[in-house]
Amino acid sequence: MAGLFAVIGNPIEQSRSPELHYAFAEKLGIELSYQKRLAPLDGFEASVTEFFAQGGSGMNVTVPFKEQAYALCDVLTERAQIAKAVNTLWQKDGQLYGDNTDGQGLVDAILELNWSLKNTRILILGAGGATRGVIYPLVKAGAKHITVANRTLVRAEQLIGDLKHAVPEAELDIVELAKLSGEYDLVINATSASLSGEAIILPPELKFHHAYEMAYGKPSTFIEQAKARGVPTTEGFGMLVGQAVESFAIWHGVKPELKDFL
Ligand code: ATR
């Protein structure tokens, strides 16, 4: 599908999606135009309608509109239904389709590092939208046990209650962020703490072997502590590229090689 694409959000200036999609298109010999579109906070639906009325082929959705995009779609993929959030839109036969490629983007970025996910124990810090989007793809990629740690325990309880039916093959449990302990193959920071410059404390009782920070380009106390322990670490740029690769594949039917763009 050549044509017009865009990422919609508010704010939008910081988005790196256009440069990624142009890089994929160049590599794969596809012609496209990919814009940044700023939607007013109360004008998401009108902006999406306008974009497709102008002949738009596909749209990425970013903060704060992913839940609104989910609500707007006529048809949702299974992983978008489970995430209750949509980051990839397209139209077919007059209907609006929505998918969520964030979780698979994370999985692909992790596998690209040669960090195995098969039969792993994973600790995810945070119980917001970012966590909701990644549990199902992590389990499908082989995670056996996932613990969700949150500052506000009830939010983690609600999240697990909601998701456990979608991933019956995995064991899920919760813990308060202030009471971390035990041993994990991988810890993922899916809190927004580093985005707002706040610290996450990892106590000595918590043992882990790999650390993934979903944010990128910001100082992260989470990454600093993992590095101080000599644990392999990485930040969310790979996830960003991974979700873009997946969106591109949905729209164009060809999948860029993630490793070429990291
Ligand atoms: P997102 O969609 O990015 O997940 P969100 O839904 O606002 O954003 O969720 C943010 C997550 O980061 C929550 O789990 C939040 O914890 P609470 O549910 O207790 O609010 C977590 N978070 C944000 N700032 C934090 C901090 N300074 N320390 C620990 N957790 C934090």
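The values are calculated or read from the model by the stated rules, or taken from the named source; none is laboratory data. Computed from a predicted structure; not experimentally measured. Every residue, glycine as well, gets a Cβ built from its backbone with ideal geometry; the counts of neighbours run over all protein chains shown. These area figures cover heavy atoms from the full protein model, side chains too; ligands, DNA and RNA do not enter into them. Shrake-Rupley method; radii C 1.70, N 1.55, O 1.52, S 1.80 Å.
Computed from Cα positions, the angle between helix 44-53 and the longest principal axis of the chain comes to roughly 40 degrees. Accessible area per residue was computed with a 1.4 Å probe on protein heavy atoms; E176 scores about 60 Å². Averaged over its residues, region 103-238 has an accessible area of 45 Å² per residue, based on protein heavy atoms and a 1.4 Å probe. Phi angles across region 55-63 convert, under the Karplus curve 6.51 cos²θ - 1.76 cosθ + 1.60 with θ = phi - 60°, into 3J(HN,Hα) values of x, x, 9, x, 9, 8, 10, 10, 3 Hz, Gly and Pro given as x. Largest accessible area first, the residues E78, E31 order themselves as E31, E78 under a 1.4 Å probe with ligands, DNA and RNA left out. For the residue pairs K66/K179; K118/K164; K179/K207; K164/K218; K144/K207, the C-alpha atoms sit more than 21 angstrom apart in K66/K179; K164/K218. Backbone phi angles across region 156-171, fed through the Karplus curve with coefficients 6.51, -1.76 and 1.60 (θ = phi - 60°), yield HN-Hα couplings of 5, 4, 5, 4, 5, x, 6, 9, 4, 5, 6, 9, x, 6, 10, 8 Hz in residue order; Gly and Pro are listed as x.
A compact globular protein would have a Cα radius of gyration near 2.2 N^0.38 Å; the ratio found for region 12-101 is 1.07. Taking Cβ atoms as reference points and 10 Å as the exclusive limit, the residues near N119 contribute a net charge of +2, counting Lys and Arg as +1 and Asp and Glu as -1. Ranked by solvent-accessible area (1.4 Å probe, protein heavy atoms only, all chains present), the residues T233, T147, T152 order from largest to smallest as T152, T233, T147.
Note on the chain: with neighbouring protein chains present and a 1.4 Å probe, carbon and sulfur make up 51 percent of its accessible heavy-atom surface. Legend: residues V175, V134, V63, sorted from most to least accessible area (1.4 Å probe; ligands, DNA and RNA excluded), read V63, V175, V134.
For the chain, the longest principal axis of the Cα atoms and the long axis of helix 17-28 meet at an angle of about 70 degrees.
For the chain, the relative contact order works out to 17 percent when only alpha carbon pairs closer than 8 Å and six or more residues apart are counted. Residues whose amide H lies under 5 Å from that of I174, counting only those 5 or more places away or on a different chain, are V148; hydrogens are built 1.01 Å from N in the peptide plane. Kirkwood radius and radius of gyration were both taken over the C-alpha atoms of the chain, and their ratio Rg/Rh is 0.97. Once the Cα atoms of helix 129-140 and of the chain are each reduced to a long axis, what angle between those two axes, in degrees from 0 to 90 to the nearest 10, is obtained? Helix 129-140 and the main axis of the chain meet at about 80 degrees. Each Lys or Arg adds one and each Asp or Glu subtracts one; over the other residues with Cβ under 11 Å from the Cβ of K144, this totals -1.
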